[in-house]
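First the structure, in the form of structure tokens, and then the observations on it.
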Amino acid sequence: MKKIINKYLIKFIPIIKKTSRTLLIILITFILIGLSIWGINEIYVFQTITKQKNSIDISIKVSDSCEQNFPISVTIINNSNRVIKNISIYPEARREGYSKNLAGYNSKIETDKIIIPNNGYKVCWKGVLDYGVDKTYKPENLKWSVGSFNVEFE
């Protein structure tokens, strides 16, 4: 019985080697195609999202044109060529000469205001500070800036 099995195995070894080589070539081809598709997708994302996001100007500052209860002016200018559907801004607030950010995650500014290209939107905001921050710090006495933001385009 062993002799019969060995006899057939010897016949199939060259076929198995050739099939393995072919399968390896097919596998490498699929991997290269997958990497190419991934690379093209990354270029697309950069061109359509990142480049457009970098065209948006946001300013956050204390403004006399806002009411006392909402002393912070937030201005969004859409210089991209796409319509902004939703934007979330994570502001930062610091005392003059200090590095600690007093605005926490709860200070997120979010709006679903549709902003078409080459237009802007301005809103007055309360200026929320992080939980546990000394209440003697008033939002209108701090230096405000944009930490980061996320945008959703139409």
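Computed from the coordinates by the stated procedures, all read-outs in this text should not be read as laboratory data. As the structure is a computational prediction, the values presented were derived from the model and not from experiment. Neighbour counts run over all protein chains shown; Cβ positions are idealised from the backbone, glycine included.
For the reader, a short list of remarks on this structure follows.
- The one condition in (1) under 20 Å from G147 (Cα atoms); (2) surrounded by 15 or more Cβ atoms within 10 Å (Cβ to Cβ) that R95 fails to fulfil: (2)
- Scanning the stretch 51-84 for residues that are surrounded by fewer than 16 Cβ atoms within 10 Å (Cβ to Cβ), under 17 Å from the mean Cα position of the chain (by Cα) and within 30 Å of L142 (Cα to Cα) gives N54, S55, D57.
- For the stretch 100-125, the tally of residues that are closer than 27 Å to Q68 by Cβ and assigned to a loop (DSSP other than H, G, I, E, B) stands at 8.
- Residue count for the stretch 119-154, restricted to those that are more than 16 Å from Y98 (Cα to Cα), among the basic types (K, R) and in contact with an Asp or Glu (Cβ under 9 Å, 6 or more places away or on another chain): 0
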